[in-house]
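The values are calculated or read from the model by the stated rules, or taken from the named source; none is laboratory data. In this text the structure is predicted, and so the values were computed from the model without any measurement. For neighbour counting, all protein chains shown are included, and Cβ atoms are generated from backbone atoms with ideal geometry for every residue, glycine included. Note: areas computed on protein heavy atoms with side chains; ligands, DNA, RNA excluded. Shrake-Rupley method; radii C 1.70, N 1.55, O 1.52, S 1.80 Å.
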Amino acid sequence: GTDIKLGYGVKEAKGLAIIGTERHESRRVDRQLRGRSGRQGDPGSSQFFVSLEDDLMRLFGSERIAALIDRMGGLEEGEPIQHSMLSRSIERAQKKVEENNFGIRKRLIEYDDVMNAQREVIYARRRNALFGDKLSIDIANMFYDTIENLVSLYHPEKNYEELNLEVIRLFAIELPVDEHTFHQMNTPLLIEKLFSETYQYYTKKKNETAEQIFPFIRDVYANPENKFENILFPFTDKLKTLHIVSNLSKSYETNGKEVLLTLEKTCVLAMIDEAWKEHLRELDDLKQSVHNAVYEQKDPLVIYKIESFNLFKQMIENTNKETVSFLVKAHLPVEEETQQVKQAKFVQSHVPQKKERWIESRMGEESKGHPQKIKQQPVKTGEKIRPNDPCPCGSGKKYKKCHGAGE
């Protein structure tokens, strides 16, 4: 595409000469190459050379042309073939290739239109999460859609136990109706009842979490040596952990509610991004596999549209489930003392007084909200007693004759 400036004496020699060693499958490319000469009124010329063994000619009738030339008496070696029939044959071949390429590009756009429609839905959700616009509405819709899918799946079959287990697993609450009421209620009414109870529980949990973390925010904010702009809290549902970074001033002014809003934003974004990346990989695999539909005399594009919609619908349902489940069950990890994990645990052995074995285990410090794994300390014992040493009990006998007998 570069204009070549003619040097001294080139105009007098009839300008720039373009020599093409073959014809491209696209006429536009040939015209682009010819157009390098004769720029802005400068003199120039172009000449293309074509072999009947070139790919373009070989695919589109070079044998027929060669046979025709032979019947006309043949040509001498090195004699150029210049005929309007040959030029028209090349042009027809180029037109066929261009039409084929146009069909391929059109098909690709039709496939991409399917993905683009799904992309707009996902990006709208991401924008709501990034800027906070309609985020609360999106989350409420996620709760409602998840509950609607669950009730529609189990209620027509009157499967109370399965539905109750799913509600406990996803929302950490029990079904708000007993089995008798469950069988008597219609599906829409049960959906509304369960949605009301679940969303009310989630709202209450958010307020309790804000009250729990606000004293810590207040202490950090009121500290005269504080130079921090943001504050970090780790939230976990025992399966996933999200580190939430929130503005310290806004968190203090909103009594901790800013942290919960940041948690919702981060959770929605993380779940959507992970699911969307996996969905794109599945669409690529689907695009490759649907071409086999031609063997069944079916349109691959139609199969692609149907299957991609089903995949997208399933992705949205799974994303909604994972998002609402994490938000309902997310909490700050706290150090819990159990029978197996204590600050110091002593175990009495058969050796009296001086011979005590003890196990020390402790939880790692939670520095800046990052939970540490439990570190098991090695078993510590006293100095090893040899068989012929005096027994520590003070009997005067050897250890192997006294308390060490049988070891």
Starting from the Cα of residue 313, move 7 Å in the Cα-to-Cβ direction to define the label point; list residues of the stretch 259-297 whose amide nitrogen is under 13 Å from there.
-> none
Going residue by residue through the stretch 166-178, the Karplus relation 6.51 cos²θ - 1.76 cosθ + 1.60 with θ = phi - 60° gives ³J(HN,Hα) values, rounded to whole Hz and with x marking Gly or Pro, of 5, 5, 5, 5, 8, 10, 6, 9, 8, 4, x, 9, 7
In square angstrom, rounded to the nearest 10, how much accessible surface does residue 183 have for a 1.4 Å probe?
-> 70 Å²
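For the stretch 1-151, what is the relative contact order in percent, using Cα pairs closer than 8 Å and at least 6 residues apart in sequence?
Values: 101 pairs, mean separation 28.1, N = 151.
The value is 19 percent.
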Which residues qualify? For residue 48, with a placed amide H closer than 5 Å and at least 5 residues away or on another chain, they are 20
Label model pair residue 181, residue 284: point-to-point distance (7 angstrom along the Cα→beta-carbon line) in nm is 5.0 nm
In sequence order, what are the phi-derived ³J(HN,Hα) couplings for the stretch 22-27 according to the Karplus relation 6.51 cos²θ - 1.76 cosθ + 1.60 with θ = phi - 60°, rounded to whole Hz, with x for glycine and proline?
-> 6, 9, 6, 5, 10, 5
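Which net charge results for the neighbourhood of residue 84, defined as the other residues with beta-carbon distances under 14 angstrom from its beta-carbon, given Lys and Arg at +1 and Asp and Glu at -1?
In short, +1.
Using Cα-Cα distances under 8 Å and only pairs 6 or more residues apart, what relative contact order does the stretch 1-42 have, in percent? The partial results should precede the final answer.
On the way: 22 pairs, mean separation 21.5, N = 42.
51 percent.
Answer rounded, prolate or oblate for the stretch 17-170, using the Cα gyration tensor with square roots of eigenvalues a ≥ b ≥ c: rounded when a/c is under 1.5, else prolate when a/b is larger than b/c, else oblate.
Details: a/c = 7.18, a/b = 2.85, b/c = 2.53.
Note, shape of the stretch 17-170 comes out prolate.
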Sum of side-chain charges, residue 257 neighbourhood, beta-carbon under 15 Å (Lys, Arg +1; Asp, Glu -1) = +1
Beyond 18 Å (Cα-Cα) in this structure, taken from 205/329; 95/298; 277/313, we find 95/298
Over the stretch 89-133, what lengths in whole Å, largest first, do the semi-axes of the equivalent ellipsoid take, defined as the square roots of 5 times the eigenvalues of the alpha-carbon gyration tensor?
-> 42, 8, 4
Quick one, what does Rg over Rh come out to for the stretch 137-266 if you take C-alpha atoms and the Kirkwood Rh?
-> 1.12
